[in-house]
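Presented below is the structure to which this report refers.
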Amino acid sequence: MTTTETGATADPVHLGDSASIIMNKVQEITGEIHQKQLTVEDLRRMREPVKRLVEAGRVLAVQEDQDSRRSAMITLQDGQLYLHPLLCQPTPTYAHTLQESEVVGMLDPSCTLAFLELGWAGSTRGRVTIRLTPDTLLARQFVLLCTGQRGHTYRNTKLLWVDDKGQPGECVGGGDYESNDGEGGAQLLHYVLAHTAPARRSGRAGAVRARCPLGDPRSTQFIIGTRDLQGGGQWLYVFGDVVSGLDVVRAAVNHSDITEVTVVDCGVVLPL
């Protein structure tokens, strides 16, 4: 018992009980669920407790092998679900996890969306969202480097050059995950898949293409067109088109040093 200034007595405070009450209140507010292992169905249903976990950055996709454990953030922004690249990093104790292979299995090959987040001068400048051409090997390879499924990713790679700046056909290239200087970027797909579509041709601004065809040691480098070609000209090896964020790419092109522009994040959009 304790005595107040007025001489009245008050019930003793038990810190353990107080902590328990606080934790219960927190769980009520956040709607926290208790199972640590989530399922793809949990993501698809996106009920309020799971939604709050995703919005709080507490849901990760994990990939494990004999040598390492890697994890990728899953985020929810503007009503879209994003899978970020797999990184070698400790999994926080508060994380709720899914198997990365199951999460990637959510992707619909006919409408895959990928993204690159560009930054320079110490800040992130914007997100570039790309709709990939269905069932092309170059598009599948691009997804592998946006998600890091094969251990390599576009994250922290630089944009490397600008061609025809200020002219028709202006474009910018990058994506050398190996040496980050334009000399690397070997393909990740070393087999021929049946029933795959050929890469397209396009002369429109926003076209995303490979620098070189599959088989070339730089085939994973990408080029984004920022101005239309004139006279009916078309680029080869096109596997996607920018659907939002082309203004971000154009701003990068106009930066004083293109090699200061970095892919600070990347990934794919998951269907809900």
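The values are calculated or read from the model by the stated rules, or taken from the named source; none is laboratory data. Remember, predicted model here, so these are calculated numbers, not experimental data. Please note: Cβ atoms are built from the backbone with ideal geometry, for glycine as well, and neighbour counts cover all protein chains shown. Heavy atoms of the whole protein, side chains included, go into the accessibility calculation; ligands, DNA and RNA do not. Shrake-Rupley method; radii C 1.70, N 1.55, O 1.52, S 1.80 Å.
Against the numbered list (1) over 13 Å from VAL268 (Cα atoms); (2) aliphatic (A, V, I, L, M); (3) within 11 Å of the chain's Cα centre (by Cα), LEU60 comes up short only at (3). Of all residues assigned to segment 234-241, none qualifies as being in contact with a helix residue (DSSP H, G or I) (Cβ under 7 Å, 6 or more places away or on another chain), assigned to a loop (DSSP other than H, G, I, E, B), surrounded by fewer than 15 Cβ atoms within 10 Å (Cβ to Cβ) and touching a residue at least 12 places away in the same chain (Cβ under 8 Å). GLN89 passes every criterion in (1) over 30 Å from GLU260 (Cα atoms); (2) open to solvent by 50 Å² or more (accessible area, probe 1.4 Å); (3) not charged (D, E, K, R) apart from (1). The set of residues from segment 186-219 being under 15 Å from PHE142 (Cβ atoms), at pLDDT below 95 and either of a type in the set (Val, Ile, Thr) or touching an Asp or Glu at 6+ places or on another chain (Cβ under 6 Å) (or both) comprises THR196, ALA197.
For every residue, the table says whether it meets (1) among the basic types (Lys, Arg); (2) within 30 Å of GLU64 (Cβ to Cβ); (3) buried (at least 21 other Cβ atoms within 10 Å of the Cβ).
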site	(1), (2), (3)
ARG150	yes, yes, no
LYS165	yes, no, no
CYS171	no, no, yes
GLY225	no, no, yes
SER244	no, no, no
ASP247	no, no, no
ARG250	yes, no, no
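What do you reckon, is LEU43 at pLDDT 50 or above, among the hydrophobic types (A, V, I, L, M, F, W, C), part of a helix (DSSP H, G or I) and more than 19 Å from PRO92 (Cα to Cα)? Here the answer is yes, as LEU43 does meet what is asked. Note on segment 127-146: among residues that are within 13 Å of the chain's Cα centre (by Cα) and either on the phi > 0 side of the Ramachandran plot or not β-branched (Val, Ile, Thr) (or both), the one that is surrounded by the most Cβ atoms within 10 Å (Cβ to Cβ) is PHE142. Residues that are among the small types (Gly, Ala, Ser) and in a strand (DSSP E or B) within segment 219-233 comprise just one, GLY225. Filtering segment 56-80 to residues that are assigned to a strand (DSSP E or B), open to solvent by 30 Å² or more (accessible area, probe 1.4 Å) and hydrophobic (A, V, I, L, M, F, W, C) leaves MET73, LEU76. Can you find even one residue in segment 181-203 that is open to solvent by 20 Å² or more (accessible area, probe 1.4 Å), under 19 Å from VAL264 (Cα atoms) and not hydroxyl-bearing (Ser, Thr, Tyr)? The answer is yes; a qualifying residue exists. Working only within segment 106-119, note down all residues that are farther than 10 Å from GLY240 by Cα and either acidic (Asp, Glu) or open to solvent by 20 Å² or more (accessible area, probe 1.4 Å) (or both). If the condition is that a residue be farther than 10 Å from GLY240 by Cα and either acidic (Asp, Glu) or open to solvent by 20 Å² or more (accessible area, probe 1.4 Å) (or both), then LEU107, ASP108, PRO109, SER110, CYS111, GLU117 are the ones that fit.
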